[in-house]
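The values are calculated or read from the model by the stated rules, or taken from the named source; none is laboratory data. Note that the coordinates shown come from a computational prediction; the quantities given were computed from them, not determined experimentally. Using ideal geometry, Cβ is built from the backbone for each residue, glycine included, and neighbour counts are taken over all protein chains shown. Just the protein is used for accessible areas: all its heavy atoms, side chains included, with ligands, DNA and RNA removed. Shrake-Rupley method; radii C 1.70, N 1.55, O 1.52, S 1.80 Å.
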Amino acid sequence: MAKLQNRFHVSAAEVAEQDVHPMIVIDVVSIVPHNAMADSLMDEISKFIEKNCEAEILDKIREIR
């Protein structure tokens, strides 16, 4: 979490499945000026996680407010 927060200047927290060892659910939140920047940031974060963790991203959900 700290690496995500420091590298991308986002808020990140483990929000579900905390008692299930092989699974982790992370919420990442950021405020950006437009949708294109949100798409780019999500792609960069996904690549960072896949490169630096022994994790497989199963799903990504994006919410815009």
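Scan the range 42-51 and tell me whether some residue there is open to solvent by less than 50 Å² (accessible area, probe 1.4 Å), within 11 Å of the chain's Cα centre (by Cα), modelled with pLDDT of 90 or more and more than 15 Å from Met1 (Cα to Cα).
Within the range 42-51, not a single residue is open to solvent by less than 50 Å² (accessible area, probe 1.4 Å), within 11 Å of the chain's Cα centre (by Cα), modelled with pLDDT of 90 or more and more than 15 Å from Met1 (Cα to Cα).
For the structure I just gave you, tell me whether Val10 is surrounded by fewer than 10 Cβ atoms within 10 Å (Cβ to Cβ), within 11 Å of the chain's Cα centre (by Cα) and touching a residue at least 12 places away in the same chain (Cβ under 8 Å). Spell out how you get there, then give the answer.
Details: surrounded by fewer than 10 Cβ atoms within 10 Å (Cβ to Cβ): no; within 11 Å of the chain's Cα centre (by Cα): yes; touching a residue at least 12 places away in the same chain (Cβ under 8 Å): yes.
Against the criterion (surrounded by fewer than 10 Cβ atoms within 10 Å (Cβ to Cβ), within 11 Å of the chain's Cα centre (by Cα) and touching a residue at least 12 places away in the same chain (Cβ under 8 Å)), Val10 does not qualify.
Output the residue which, of all residues in the range 17-36 that are surrounded by 12 or more Cβ atoms within 10 Å (Cβ to Cβ) and of a type in the set (A, V, I, L, M), is modelled with the lowest pLDDT.
So, considering only residues that are surrounded by 12 or more Cβ atoms within 10 Å (Cβ to Cβ) and of a type in the set (A, V, I, L, M), the one modelled with the lowest pLDDT is Ile24.
Considering only the range 52-65, state which residues are among the aliphatic types (A, V, I, L, M) and more than 11 Å from the chain's Cα centre (by Cα).
Ala55, Leu58, Ile64, listed by residue number.
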